[in-house]
């Protein structure tokens with residue numbers, strides 16, 4: 001169960017990068033992760049087996065959201081049907097910051113590049129097609145391949161962590177292998193725009209737990225991320241150079257029978273620079289099983305992942321019914337978006 005921690009632990013993944021790592025070292029790492037997820041529920045991971053640096057990751061954000069990034073018109077051509085009813089994509093793509101909402105962020109997200117898109121289950125015909133194809137901006141030729149490569153590397157890392165968690169539950173490393181078939185894992189590029197100090201609010205992302213297996217978060221130096229301990233205190237989780245923050249999602253907490261903790265976290269608005277708050281980038285990777293994956297907990301409870309995540313989505317602000325007509329977007333609605 002969660003403890004009254006005052007900071008997040010740091011876990012090195014150097015053994016995952018070493019070709020000569022021993023079974024004993026992997027067991028030690030498994031034990032370390034087990035301890036982290038059963039107390040704080042989250043930690044900093046360092047010595048990452050990734051080819052992408054933080055600069056590479058946030059370079060993708062700059063390409064999409066930066067001053068020289070794509071136009072607002074092109075963003076809205078990639079927007080989910082929630083926001084532009086003429087668009088066909090319902091789950092992948094762009095979502096704008098929403099004036100008046102308590103989540104002051106815009107984002108672009110993509111799913112697993114190799115996921116098989118055909119599905120005969122009733123979930124494939126739900127309001128949100130969780131297994132739909134990705135969409136990408138046509139004006140950024142290398143953007144798609146770079147995003148897909150990052151997604152693939154994070155998926156591979158997450159799968160290796162999952163095998164270590166299986167060992168922590170006294171299962172074989174391949175115990176969760178079926179979770180990886182047609183995975184719905186999501187890579188999100190997020191931009192919290194600067195806003196006038198007069199419109200600043202305390203929280204720009206409200207307290208929540210994640211829905212899936214694991215979340216790997218790249219965050220920039222701006223700060224604002226906080227996690228809640230067992231005493232109800234909000235503990236700052238500032239950027240640690242070369243790290244990502246990992247946390248357990250609701251699904252994995254249930255799979256462990258409550259042994260591991262899905263920790264509540266939020267993002268606090270940052271201090272002002274002059275008359276505006278600081279802008280912020282973050283890039284979470286949500287490691288998720290397939291649409292029809294039957295997930296079993298230690299206690300024997302079963303759930304279909306697609307049903308689980310669709311239920312969680314009812315509370316996500318970017319999937320509420322706020323669709324607008326494309327023509328009107330050029331007028332009042334676009335001005336509202338531009339205000340953020």
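The values are calculated or read from the model by the stated rules, or taken from the named source; none is laboratory data. Everything numeric in this text was worked out from a predicted model, so none of it was measured. No Cβ is skipped: glycine too gets one built from the backbone with ideal geometry, and neighbour counts run over all protein chains shown.
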Hey, residue 181 hits all of (1) at pLDDT 90 or above; (2) closer than 19 Å to residue 91 by Cβ; (3) touching a strand residue (DSSP E or B) at 6+ places or on another chain (Cβ under 6 Å) but one; which does it fall short on?
(1)
Considering residues that are within 20 Å of the chain's Cα centre (by Cα) and buried (at least 19 other Cβ atoms within 10 Å of the Cβ), the number found within the stretch 14-47 is 9
Over 19 Å from the mean Cα position of the chain (by Cα) and touching a residue at least 60 places away in the same chain (Cβ under 8 Å), is that true of residue 235?
yes
Taking the stretch 245-257 and keeping residues within 16 Å of residue 164 (Cβ to Cβ) and modelled with pLDDT of 95 or more leaves 246
So for the stretch 273-288 (the condition being more than 21 Å from residue 76 (Cα to Cα), at pLDDT 90 or above and outside any strand (DSSP E or B)), does at least one residue qualify?
yes
Filtered residue count, the stretch 195-209, keeping only those that are modelled with pLDDT of 70 or more and surrounded by 18 or more Cβ atoms within 10 Å (Cβ to Cβ)
3
When the stretch 214-238 is examined, which residues are found to be buried (at least 19 other Cβ atoms within 10 Å of the Cβ), at pLDDT 90 or above and in a loop (DSSP other than H, G, I, E, B)?
237
Would you mind telling me which numbered condition in (1) at pLDDT 95 or above; (2) surrounded by fewer than 20 Cβ atoms within 10 Å (Cβ to Cβ); (3) closer than 30 Å to residue 23 by Cα residue 150 fails?
(2)
Are there any pairs with C-beta distances below 6 angstrom linking a residue in the stretch 287-309 that is free of Cβ contacts under 8 Å to residues at least 60 places away in the same chain to a residue that is surrounded by 14 or more Cβ atoms within 10 Å (Cβ to Cβ) and outside any strand (DSSP E or B), with the two at least 6 apart or on different chains, and if so which?
297/254; 297/255
Within the stretch 1-55, residues over 30 Å from residue 231 (Cα atoms), in contact with a strand residue (DSSP E or B) (Cβ under 7 Å, 6 or more places away or on another chain) and part of a loop (DSSP other than H, G, I, E, B) come out as 47, 48
Is it the case, given these coordinates, that residue 136 is modelled with pLDDT of 95 or more, more than 25 Å from residue 30 (Cα to Cα) and part of a loop (DSSP other than H, G, I, E, B)?
yes
